[in-house]
Structures are given as structure tokens and as C-alpha cells.
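Asks: This is the structure I have questions about; it appears just below.
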Amino acid sequence: MTMIKCDECGKDISDKAASCIGCGAPIISASKIEFVSTPSNGSFGDFNAIFGTLRDKTSTAIGDASKLGKRVFKSQAEKDAEAVAEL
């Protein structure tokens, strides 16, 4: 396990953490990035497939980060309304 600094608040955290324990920011480290291998024949069709895969993975990661951000930054009024609704 390696300690890294949070890009948002600068707190020391594990590189294995999904989010910062200080501010809740999602953590993306080099060890979590999936690399796609380059095709051996180098045709443009293969590169289109690789970039399509990267586009899909990026889109999913952005959606996940957006959902996390909305949960972390809910206003107190929204949290209170949800608690009342649960009662």
C-alpha cells in the first residue's frame, strides 16, 4: 500500500482508497487505470475499437463520479427531507 495525497484537500490517503477520507473526493490512481493494449497490426479499425472502449469506460467513470459528488454535496435541507420521508 502506498500513501498518496488527495488532489482536492492534500490529505495523505491510501492509493487503494475509493475516495478521500478527508473530503470524500473520488481517488483515481495509476494502479486503478486499466490499460488497453495496442493492436499488433496497427489498423485504423483496431484503433477505433480501442478508442470506443476508452470512451465507454470514461463515460461510466464520469457518471459514477457525478453520482458520488451529488451524494457528498447534498444540502442539509435535502438530507433532512429524506430523513423525514423515511419516518
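Asks: Below 18 Å, Cα to Cα, which lysines can Lys79 reach? Residues fewer than 8 away in the same chain don't count.
Replies: In chain and number order, the partners are Lys67, Lys70.
Asks: Under 15 Å from the Cα of Lys5, which aspartates and glutamates turn up, not counting those fewer than eight places away in the same chain?
Replies: Asp15
Asks: Can I ask one more? Using θ = phi - 60° and the Karplus curve 6.51 cos²θ - 1.76 cosθ + 1.60, what whole-Hz ³J(HN,Hα) does each residue of segment 72-85 get, with Gly and Pro shown as x?
Replies: 5, 9, 4, 6, 5, 4, 5, 5, 5, 5, 5, 5, 5, 4
Read-outs: derived from the displayed coordinates by stated rules, not from any lab. Bear in mind that the values here come from a model prediction, so they are computed numbers and not experimental data.
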